[in-house]
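**Student:** My structure is below; once you've seen it, I'll send some questions.
The values are calculated or read from the model by the stated rules, or taken from the named source; none is laboratory data. None of the values given here were measured: they were computed from a predicted structure. With ideal geometry, Cβ positions are generated from the backbone for all residues, glycine too; neighbour counts draw on all protein chains shown. Only protein heavy atoms, including side chains, enter the accessible area calculation; ligands, DNA and RNA are left aside. Shrake-Rupley method; radii C 1.70, N 1.55, O 1.52, S 1.80 Å.
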Amino acid sequence: KIVVVWLGGHALWWNDTTEFNLKQDVPGAQVLLDCGVPLVLIPVLGVTTSLLTTLPEIDAHVRGKGRIGDFLAERFKNCSDDHFGYSRVIWDISTIAYLLNPAAVSTELVPSPLLTDRVTWSKDSTRHLIRCASFVHRDAVFKDFFRKLAAAAGEQTQIKE
């Protein structure tokens, strides 16, 4: 009675998968991928890396949108001392985007990958199927996020499609 939506690992074609979430507990990730639970895998490099934004965009659409907007804007501002030509990936909104706006996250059914002890992917076409994200539509995700943040702050948004 559960579906796991997990931001972890890199794209299944990436040469390794030593990303932050996965490398914290490789045996735990192996259990997750092997156990057969319904799983939606949202890879990091090669998929969610498109979720880039900049301080000017954050200032325009997040700052001033209530306490949470101001908090998030300050967190983003404090992540770098130099925002000139700087963008940053907001990885974690990918899982929420999949749940709230599934059309913004392209997925496909694939055999669950084998996670090796060397923290690389291996393939076995006989394994159970999982849903794996292959692309995240950056603009759709951020438009949805900005609209919801503005609405929570009691504002009307005039963002055109």
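**Student:** Do you know which residues across the range 71-82 are under 18 Å from Phe142 (Cβ atoms) and of a type in the set (D, E, K, R)?
**Tutor:** Across the range 71-82, the qualifying residues are Arg75, Lys77.
**Student:** Which condition does Gly66 not pass, out of (1) without any contact (Cβ under 8 Å) to a residue 24 or more places away in the chain; (2) of a type outside the set (D, E, K, R); (3) on the phi > 0 side of the Ramachandran plot, if it passes all the others?
**Tutor:** Going through the list (1) without any contact (Cβ under 8 Å) to a residue 24 or more places away in the chain; (2) of a type outside the set (D, E, K, R); (3) on the phi > 0 side of the Ramachandran plot, Gly66 breaks only (1).
**Student:** Now, a different point. Among residues belonging to the range 73-95 that are open to solvent by 50 Å² or more (accessible area, probe 1.4 Å) and in contact (Cβ under 8 Å) with a residue 40 or more places away in the chain, point out the one that is farthest from Trp14 (Cα to Cα).
**Tutor:** Within the range 73-95, the match that is farthest from Trp14 (Cα to Cα) is Asp92.
**Student:** Those residues that are in a loop (DSSP other than H, G, I, E, B) and either at positive phi or polar (S, T, N, Q) (or both), I need them from the range 26-63; list them, please. Let's see the steps before the verdict.
**Tutor:** If we filter the range 26-63 for residues that are in a loop (DSSP other than H, G, I, E, B), which is where we start, we get 35-38, 43-47, 51, 54, 62-63.
Once the filter is applied, which keeps residues that are in a loop (DSSP other than H, G, I, E, B) and either at positive phi or polar (S, T, N, Q) (or both), the range 26-63 yields Gly36, Gly46, Thr54.
**Student:** Now, a different point. Could you figure out which of (1) within 15 Å of Leu7 (Cβ to Cβ); (2) assigned to a loop (DSSP other than H, G, I, E, B); (3) hydroxyl-bearing (Ser, Thr, Tyr) isn't true of Ser94?
**Tutor:** That leaves (2) as the condition not met.
**Student:** Select from the range 1-25 the residues that are crowded, with 16+ Cβ neighbours inside 10 Å and assigned to a loop (DSSP other than H, G, I, E, B) and list them in ascending order. Spell out how you get there, then give the answer.
**Tutor:** First, pick out the residues of the range 1-25 that are crowded, with 16+ Cβ neighbours inside 10 Å: 5-12, 14, 17, 19, 22.
Result: Gly8, Gly9, His10, Ala11, Leu12, Trp14, Thr17, Glu19.
**Student:** Does the range 123-141 contain any residue that is open to solvent by less than 60 Å² (accessible area, probe 1.4 Å), under 25 Å from Glu57 (Cα atoms), among the basic types (Lys, Arg) and touching a strand residue (DSSP E or B) at 6+ places or on another chain (Cβ under 8 Å)?
**Tutor:** Yes, because at least one residue in the range 123-141 is open to solvent by less than 60 Å² (accessible area, probe 1.4 Å), under 25 Å from Glu57 (Cα atoms), among the basic types (Lys, Arg) and touching a strand residue (DSSP E or B) at 6+ places or on another chain (Cβ under 8 Å).
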